Amino acid sequence: QVQLVESGGGLVQAGGSLRLSCAASGRTFSSYYSMGWFRQAPGKEREFVAGSWSGDTTDYADSVKGRFTISRDNGRSTVYLQMNSLKPQDTAVYYCAADQRWENIATARPLYWGQGTQVTVSS
């Protein structure tokens, strides 16, 4: 079992920055897990934002490329999402996800989800 706890959400003005953190714990968690960030805006489906797997490999949704950066501190079992140049359309609940298989992150079917953290960007 793996537990994921997100933090760092909040209210920010357009053009501002936030850094989200996701702390992972559990007997089975290891640095080999693939990790991802997803978001869900009101009335919309949950969508992939960024992912990290196989060491330094990362992937991003087109809508956040060049603005968001995913990173991980395996020693602290924590993954981060640095969000810069935020836009009102980035407003959503952001979820952390983990799975042993990258394919499950890429297809939004990870085994483990965090509880989510709200990000609100005002215009």
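The values are calculated or read from the model by the stated rules, or taken from the named source; none is laboratory data. Not measured: the values here are computed from a predicted model. Here the Cβ is made from the backbone with ideal geometry for all residues, glycine too, and neighbour counts use every protein chain on show. For the accessible areas, the whole protein counts, side chains as well, though only heavy atoms, and no ligand, DNA or RNA atoms are used. Shrake-Rupley method; radii C 1.70, N 1.55, O 1.52, S 1.80 Å.
For region 29-82, the C-alpha radius of gyration divided by 2.2 N^0.38 Å, with N the number of residues, is 1.18.
Computed FRET efficiency, Cβ-Cβ of residue 19 and residue 109, R0 22 Å: what is it to the nearest 0.05?
Numbers: r = 26 Å, r/R0 = 1.20.
FRET efficiency, residue 19 to residue 109: 0.25.
Each distinct pair of alpha carbons in the chain adds a 1/r term; the inverse of their mean, the Kirkwood radius, is 14.2 Å.
What accessible area per residue, rounded to a whole number of Å², is obtained for the chain using a probe radius of 1.4 Å? Don't skip to the end; give the middle numbers.
On the way: 6520 Å² over 123 residues.
Counting only protein heavy atoms, the per-residue value for the chain is 53 Å².
Here the chain has 45 percent of its accessible surface on carbon and sulfur atoms, given a 1.4 Å probe and all protein chains in place.
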